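S.K.: Quick one: this structure, given as structure tokens, is what I'll be asking you about.
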Amino acid sequence: MNSQNGQNGKSNPYALAMQNFEAAADLLELNADIRNMIRAPERALSVTVPVRMDDGHIQCFEGYRVQHNTARGPAKGGIRFHPNVTLDEVKALATWMTWKCAVVDIPFGGGKGGVTCNPKFLSMAEIERLTRRYTTAILPIIGPGQDIPAPDVYTNPQIMAWIMDTYSMTRGYLIPGVVTGKPITLGGSLGRNEATGRGVFHAIESACQHLRLPVKGARVVVDGFGNAGSVAAHLLDSAQADVIAVSDSRGAVYNPEGLHIPKLMLHKEKTGTVCNFPGGECIAPVELLKLECDILIPAALENTVHGGNAPHVRAKVIAEAANGPLTPEADAVLREKNTFIIPDILCNAGGVTVSYFEWVQNEQHLRWDLNEVNTRLEDVMKRSFNEVLEIQLAFKSSMRTAANVLAIRRVVEATRLRGHYP
Ligand code: GLU
């Protein structure tokens, strides 16, 4: 999440989501009725969240929960605590969740939530009160069969535990299936924490196989060394790729020989940042995207790669670990350069896939071992990649449009089969 984010400042993520939708809908030749039915969110809830701060005063935060589409199952998607959260951003992210769940064929629709706040300036106690009050505000529309939140930017398993507890207290008994990404002790799934990064790794493996690009020795750059970026970097490092540069919100480090990822992870854990890592040279985050590499992983926020910096990107493959990291201008520039882009709704779908496994385990009161979770995740990622690739080859489109086509086709089919109510 470095300083390049949204630098062109103009890209509205919801406009981007709609633009991607129309491109795929055109290819599918969808008529106006079905387009209108599945384009806009089914439900968008705005809430005010009054929180008693540690100094005694009450601060009001804005919060949202959007359910984009539930034709294929309950709404599913994370909750983001970030200063830039807006209703339009949450609507875009909810829309992407619908396509994401459909592209990997898990029986969920799409949802997303967010609170406009900066958790870096809040105490743990304030975050807990904020979470519980926000949960109470969205309580009428969430539930294991209705809408299932999960972690997203700056939310974590502890926050999921508070959501589950708040929901369960109002019902009078423990309901773990209301939320995923919980701590393991409270019904969280093994492998959920690493699932997004692991899924990104499998998507990259599949892309490399298709492009005949060996993972071993591939030079990798990771923009955003957070939960997804660091796990993907670690798995690529274990597969003998050379991760040459990584960044986080505070800066970037570079080592042309490859960074020692386990040591870098420890350094980040201790100091809170990748900056000043002794095994590399500090570079400006803007320089990171310009590095010549085989694989670039934008793993931070939306709009990291835009019209201004895309011409300088020199990667063969872009693996979108973040949601919406490329603006439409960047996408066009990079396609022109023949960059192979693994789109977000496919690339980062590992997280929600293991969320689905967690929910299945909760609903059945079962526990799967780590091997079972990881094997199933790998199957889902590889199968989905190949399904998208097949469409890409058939339509001679981009991988992004192909992923949207596959996803939208599944949602349209479900909508048509259900028929129109009333
Ligand atoms: N926030 C993650 C995403 O954007 C995970 C959502 C989930 O697990 O429900 O895919």
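S.K.: Give just the number: which of (1) over 28 Å from D369 (Cβ atoms); (2) in a loop (DSSP other than H, G, I, E, B); (3) in contact (Cβ under 8 Å) with a residue 12 or more places away in the chain does E329 not satisfy?
M.R.: (2)
S.K.: Yes or no: the range 248-255 includes at least one residue that is charged (D, E, K, R) and over 26 Å from F385 (Cβ atoms).
M.R.: Yes, the range 248-255 contains at least one residue that is charged (D, E, K, R) and over 26 Å from F385 (Cβ atoms).
S.K.: Scan (1) out of contact with any strand residue (DSSP E or B) (no Cβ under 8 Å at 6 or more places or on another chain); (2) aromatic (F, W, Y); (3) within 16 Å of the ligand (Cβ to nearest atom); (4) within 29 Å of A40 (Cβ to Cβ) for the single condition F357 breaks and write down its number.
M.R.: (4)
S.K.: Return yes when T155 is of a type outside the set (A, V, I, L, M), within 24 Å of E62 (Cβ to Cβ) and within 12 Å of the ligand (Cβ to nearest atom) and no when it is not.
M.R.: yes
S.K.: Condition first: touching a Lys or Arg at 6+ places or on another chain (Cβ under 8 Å), closer than 25 Å to Q146 by Cβ and not in a helix (DSSP H, G or I). Now tell me which residues in the range 20-49 satisfy that.
M.R.: Matches in the range 20-49: P41, A44, L45, V47, V49.
S.K.: Hey, among the residues in the range 75-127 that are of a type in the set (A, V, I, L, M) and under 19 Å from V360 (Cα atoms), which one's farthest from the ligand (Cβ to nearest atom)?
M.R.: A102
S.K.: List the pairs whose first member sits in the range 137-152 and is away from the ligand (no atom under 14 Å from the Cβ), whose second member is part of a loop (DSSP other than H, G, I, E, B), and whose Cβ atoms are under 7 Å apart, counting only residues at least 6 apart or on separate chains?
M.R.: Sorted first by the residue in the range 137-152, then by its partner, the pairs are G145/P74.
S.K.: Can you list residue pairs whose Cβ atoms sit under 6 Å apart, with the first residue in the range 336-350 being assigned to a helix (DSSP H, G or I) and the second being within 9 Å of the ligand (Cβ to nearest atom)? Count only pairs 6 or more apart in sequence or on different chains.
M.R.: Pairs found: D344/N323; I345/W96; I345/K100; G350/A195; G350/T196.
S.K.: So T155 passes all but one of these: (1) of a type in the set (S, T, N, Q); (2) touching a helix residue (DSSP H, G or I) at 6+ places or on another chain (Cβ under 7 Å); (3) crowded, with 24+ Cβ neighbours inside 10 Å. Which condition number does it fail?
M.R.: Just one mismatch for T155, condition (2).
S.K.: I'd like to check something: does the range 169-191 contain any residue that is modelled with pLDDT of 95 or more, of a type in the set (F, W, Y) and not in a loop (DSSP other than H, G, I, E, B)?
M.R.: no
S.K.: Here's another thing I want to ask about it. In the set A349, A403, which member is within 16 Å of the ligand (Cβ to nearest atom) and touching a Pro at 6+ places or on another chain (Cβ under 7 Å)?
M.R.: When all the criteria are applied, what remains is A403.
The values are calculated or read from the model by the stated rules, or taken from the named source; none is laboratory data. If you're wondering where the values come from, they're calculated on a predicted model, not measured in any experiment. Neighbour counts run over all protein chains shown; Cβ positions are idealised from the backbone, glycine included.
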